[in-house]
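Bear in mind that the values in this text are calculations on the coordinates, not laboratory data. Treat the numbers as computed from the prediction; the structure is a model and nothing was measured. Cβ sites come from the backbone with ideal geometry, for glycine too, and all protein chains shown count toward neighbours.
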Amino acid sequence: MTDSYVYIITALLPLTAAMVVFQVNPYHALIIRGILGAVAALVYAVLGAADVALTEALVGTMLAITLYAVAVRSSLVVRLGVLQAAEPQGFQAWVEGCRAIFSKHYMRLELVDYPNDQDLHQALNEKEVHAIYLPQNHAAETVQDQALIRIPRLYEIMQAELTSPETTLTYVAVADLAEAKV
């Protein structure tokens with residue numbers, strides 16, 4: 001009965017693993033993943049496997065967390081293609097609204113400038129950007145500014161939370177982009 005602390009420490013493994021799986025915020029999940037690795041290293045050390053504990057601490061925790069942090073940081077960027085010369089009235093307010101919405105979902109908005117409509121559409125078609133913003137004078141079929149979005153989840157988020165009567169949101173599958181060109 002003197003080794004009951006081992007059972008308590010071992011019980012922390014599935015508990016922290018469940019916390020990682022059900023965590024919504026990716027940065028919090030990274031921290032909990034670090035705790036999971038530390039608990040696993042502690043269990044290995046207590047059970048007499050010092051070499052495995054050291055490997056878990058160095059590779060399984062420190063290296064993995066660093067790589068995961070880089071991957072999470074780069075995957076939470078929404079790239080919006082815009083025309084270099086065009087900055088229509090209300091564009092800055094629309095961008096700030098997008099930034100506010102995306103920050104609630106732990107994402108960042110990055111604006112990417114393109115010189116003309118063709119390059120803008122090509123960037124969306126080649127998946128260089130997640131969405132493009134077309135001012136009304138560049139979208140002949142509409143009298144409003146238009147945002148074409150190729151990621152369904154981004155479209156759902158923006159449609160549900162962005163309230164801008166000056167801008168029309170349109171989901172465009174990559175296969176449909178040839179038809180969406182102006």
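Order by neighbour count: VAL70, VAL172, VAL95, fewest other Cβ atoms within 10 Å first, most last.
Fewest to most other Cβ atoms nearby, the residues stand as VAL70, VAL95, VAL172.
Using only the Cα atoms of the stretch 72-125, build the gyration tensor, take square roots of its eigenvalues as a ≥ b ≥ c, and label the shape rounded, prolate or oblate: rounded if a/c is under 1.5, else prolate if a/b is larger than b/c, else oblate.
oblate
Go ahead and estimate [θ] at 222 nm for the chain from helices alone: -39,500 (n - 2.57) per DSSP H run with n ≥ 4, summed, over the residue count, rounded to 500.
Dividing the helical sum by the residues of the chain leaves -16000 deg cm²/dmol.
Placing +1 at every Lys and Arg Cβ and -1 at every Asp and Glu Cβ, with all other atoms neutral, what dipole size does the chain have around its Cα centre, in debye to the nearest 20?
Here the size comes out at about 540 debye.
Over the stretch 4-74, what is the relative contact order in percent, taking alpha-carbon pairs closer than 8 angstrom and at least six residues apart?
Taking the mean separation of contacting Cα pairs over the length of the stretch 4-74, I get 30 percent.
Under 17 Å from a point placed 7 Å out from the Cα of LEU63 along the Cα-to-Cβ direction: which residues of the stretch 19-37 have their backbone N that close?
Counting backbone N atoms under 17 Å from the label point, the list is 34, 37.
For the chain, treating each Cα as an identical point scatterer without solvent, what Debye log10 I(q)/I(0) comes out at q = 0.08, 0.15, 0.17 1/Å?
-0.42, -0.85, -1.00
Given Cα pairs under 8 Å that are at least 6 residues apart, what percent is the relative contact order of the chain?
It rounds to 15 percent for the chain.
So which residue, out of ASP51, ASP119, ASP145, gets the largest mean-square fluctuation from a GNM of the chain using Cα contacts under 10 Å as springs?
Looking only at ASP51, ASP119, ASP145, the biggest GNM fluctuation is shown by ASP51.
Using only the alpha carbon atoms of the stretch 4-74, find the Kirkwood hydrodynamic radius as the inverse mean reciprocal pair distance, in angstroms to one decimal.
12.5
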